[in-house]
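The values are calculated or read from the model by the stated rules, or taken from the named source; none is laboratory data. These figures come from a predicted structure and were not determined experimentally. Glycine also receives a Cβ, built like all others from the backbone with ideal geometry; neighbour counts cover every protein chain displayed.
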Amino acid sequence: MQLVAGERCALAASSGLVNLAPDYPSKHFLATQTLDEARHVEIFTQRLFDLGVAKEDLESTIDRYANPNLVKFAEVLLEKVSDGDFIAGVVGQNIVLEGMAFTVFELLEATSRDLNPKFAQTLSGTIADERRHVGFGENRIGSLISEHPEKKPEIEKMQQEMSYYMLATFADVFSASGESIDEGRKLAAQQGADSLSTEWHGADLETATIEEIEGVLADTVLGEFKNRLGRIGIEYQSPSVPA
Amino acid sequence: MSDIAQIHSTPDSEGSDAEPEEPRRRFELEETGFKEVPKRWRKFYRHWKGEGDSLGPNEVICPVCKVVIRSTREFRPGDRVYCMPCMSRMVVVRSDDGSLEAKVTY
């Protein structure tokens with residue numbers, strides 16, 4: 001559910017950025033990214049149908065289960081796009097949102113590889129797309145931000161706000177995932193646990209607690225934000241920790 | 001060799017003057033199962049396998065998309081590198097711990 005909500009935000013943001021782009025190479029890339037995001041929305045929506053969501057219930061189900069903090073995360077980004085702020089929009093979309101998605105998809109792919117190879121394959125294709133998206137974000141904004149240093153404080157504030165809502169989303173999702181993760185581990189044990197041990201950024205996903213997985217994910221994403229923003233000359237701002 | 005392949009292994013003369021002038025080791029690149037770029041270029045990339053994986057002298061990690069970029073010759077500081085999966089251009093530098101790493105150029 002959160003994947004569909006996140007990809008819908010990415011679709012709205014990337015399509016909005018096409019007309020804001022100051023040059024045609026950027027417009028061309030963002031148009032291809034828009035197509036990528038539409039495909040992601042389509043495949044993750046199909047997965048909801050495969051899991052039993054009726055087509056006529058799709059919108060009401062998303063409205064009901066989309067995490068409110070993820071919705072706020074999206075609103076911060078989409079406000080920059082609707083204000084016509086290309087640089088902030090690309091940082092929010094291609095560095096913050098895509099940076100988060102890149103790491104979350106890697107974690108989901110690692111946990112799905114043995115138990116759900118079809119979903120893992122879908123995620124591999126999505127990760128390949130995300131590589132191009134983060135690459136565009138860093139490469140294009142890396143040069144633009146040096147021409148507009150006055151934008152930095154506003155962008156840093158946006159990153160801090162988006163990071164807060166991202167951490168709040170992680171906290172909500174992980175606190176509600178205990179049973180399903182236990183269920184997955186039982187299933188893994190039945191299928192032959194020897195082949196299912198998965199290490200991810202130093203955590204053994206087979207034995208780590210929910211809190212440990214959430215902590216590793218949050219640290220990895222925030223570490224990536226810090227590195228990516230640092231490379232393009234923006235100072236990473238630590239978000240406050242959600243209650 | 002095509003233009004893109006040449007970016008992966010620039011002429012020795014473009015390396016740093018401080019580096020020894022020993023001839024570069026050459027490597028046969030095998031298929032790695034990396035399917036995110038056209039077939040012709042797949043041998044130049046592989047996925048990083050996480051803890052327990054290590055880089056060869058002809059490999060650097062793309063800091064943007066975390067793919068391992070491979071060359072037919074060992075890397076030296078000053079070499080220019082292109083990451084086709086994320087379209088980033090980089091230069092190889094010597095890090096503080098003595099290892100080689102790729103630094104993005106904008």
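General observations
- Of the residues making up region A:40-56, those that are out of contact with any Leu (no Cβ under 6 Å at 6 or more places or on another chain), assigned to a helix (DSSP H, G or I) and without any contact (Cβ under 8 Å) to a residue 40 or more places away in the chain are A:42, A:46, A:49, A:50, A:55, A:56.
- Unmet requirement for residue A:177, which otherwise passes all of (1) surrounded by 13 or more Cβ atoms within 10 Å (Cβ to Cβ); (2) away from chain B (no Cβ under 14 Å); (3) of a type in the set (S, T, N, Q); (4) under 30 Å from residue B:103 (Cα atoms): (4)
- The lone exception for residue A:224 - which of (1) in a helix (DSSP H, G or I); (2) modelled with pLDDT under 90 it fails: (2)
- Considering only residues in region A:210-228 that are hydrophobic (A, V, I, L, M, F, W, C) and either under 16 Å from residue A:101 (Cβ atoms) or touching a strand residue (DSSP E or B) at 6+ places or on another chain (Cβ under 7 Å) (or both), the one that is farthest from the other protein chains (Cβ to nearest Cβ) turns out to be A:218.
- For region B:58-88, a tally of residues being within 14 Å of another protein chain (Cβ to nearest Cβ) and touching a residue at least 60 places away in the same chain (Cβ under 8 Å) returns 4.
- When the criteria are applied in full, residue B:14 meets the requirement of being surrounded by 10 or more Cβ atoms within 10 Å (Cβ to Cβ) and at pLDDT below 90.
- Considering region A:123-157, and only residues there that are among the β-branched types (Val, Ile, Thr) and touching a helix residue (DSSP H, G or I) at 6+ places or on another chain (Cβ under 6 Å), the residue that is nearest to residue A:237 (Cα to Cα) turns out to be A:155.
- Of the criteria (1) without any contact (Cβ under 8 Å) to a residue 24 or more places away in the chain; (2) more than 16 Å from residue A:224 (Cα to Cα), which one residue A:155 fails: (1)
- Verdict on residue A:105 being crowded, with 16+ Cβ neighbours inside 10 Å and closer than 21 Å to residue A:222 by Cα: yes
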